[in-house]
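Below is a structure I'd like to ask you about.
Just so it is clear, none of the values below were taken in a lab; they were calculated from the coordinates. None of the values given here were measured: they were computed from a predicted structure. Quick reminder, even Gly has a Cβ in these numbers, built from the backbone with ideal geometry, and neighbours come from all protein chains shown.
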Amino acid sequence: MDCIFCAIIKKQIPADVVFENDRIAAFRDTNPQAPVHILIVPKKHITSLDTIDDADQAVLGEIQIVARDIARRERIAEIGYRLVVNCGIAAGQTVRHVHYHLLGGRKLLWPPG
Ligand code: AMP
């Protein structure tokens with residue numbers, strides 16, 4: 001399977017990893033859209049939100065706890081931040097390994113476009 005995020009998780013290619021445990025990795029986006037832009041991913045390869053199943057419930061919940069903790073550490077929690085998942089072509093998903101964008105450090109517009 002040719003998945004760039006799996007390659008980062010297996011440390012086959014470099015990334016600026018800010019958090020890791022047995023189930024989850026988080027690393028800085030190489031094309032940041034905000035002063036803080038971190039991707040949080042399950043280590044298990046899941047193609048998109050559309051392919052999650054009941055067994056993924058715990059890790060997907062844990063990702064939000066990880067996001068909260070990273071946001072505090074990056075000092076964006078106080079002013080506010082956004083956690084975004086793009087699912088499928090119309091949403092602009094380009095990497096087919098489910099990932100949560102943690103964005104903050106500037107005023108974020110809504111709707112996102
Ligand atoms: P999406 O459009 O939701 O699929 O987001 C994919 C994100 O992955 C984009 O923001 C890319 O900049 C980011 N990205 C792609 N390759 C890498 C990489 N090797 N390391 C870190 N971020 C990456």
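Largest first and to the nearest Å, give the Cα extent of region 56-113 along each principal axis.
Cα extents, longest axis first: 32, 30, 15 Å.
Could you pull the Rg and Dmax for region 4-104, using just the Cα atoms, both in Å?
Taking only Cα atoms of region 4-104, I get Rg and Dmax of 12.8, 36 Å.
So what's the back-of-envelope 222 nm ellipticity for the chain, counting only DSSP H runs of four-plus at -39500 (n - 2.57) apiece and dividing by all residues, rounded to 500?
-6000 deg cm²/dmol
If you don't mind, another one. Could you give the angle, 0 to 90 degrees to the nearest 10, between helix 57-73's Cα long axis and the longest principal axis of the Cα atoms of the chain?
Between the helix axis and the principal axis of the chain, the angle is about 40 degrees.
In percent, what relative contact order does the chain have, based on Cα pairs under 8 Å that are 6 or more apart in sequence?
Result for the chain is 30 percent.
Between Gly61, Gly88, Gly80, find the one with the highest GNM mean-square fluctuation for the chain; connect C-alpha pairs within less than 10 Å.
Of Gly61, Gly88, Gly80, the most mobile in the Gaussian network model is Gly61.
Report, in debye and to the nearest 20, how large the dipole of the chain comes out about its Cα centre when Lys and Arg carry +1 and Asp and Glu carry -1 on their Cβ.
400 debye
Let me know the number of lysine pairs in the chain closer than 23 Å at the Cα, not counting same-chain pairs under 8 apart.
Within the chain, the lysine pair count is 4.
Stretch Asn21-Ile89 to full length: gain in nm at 0.36 nm per residue minus the Cα-Cα span?
Additional length available on full extension: 21.5 nm.
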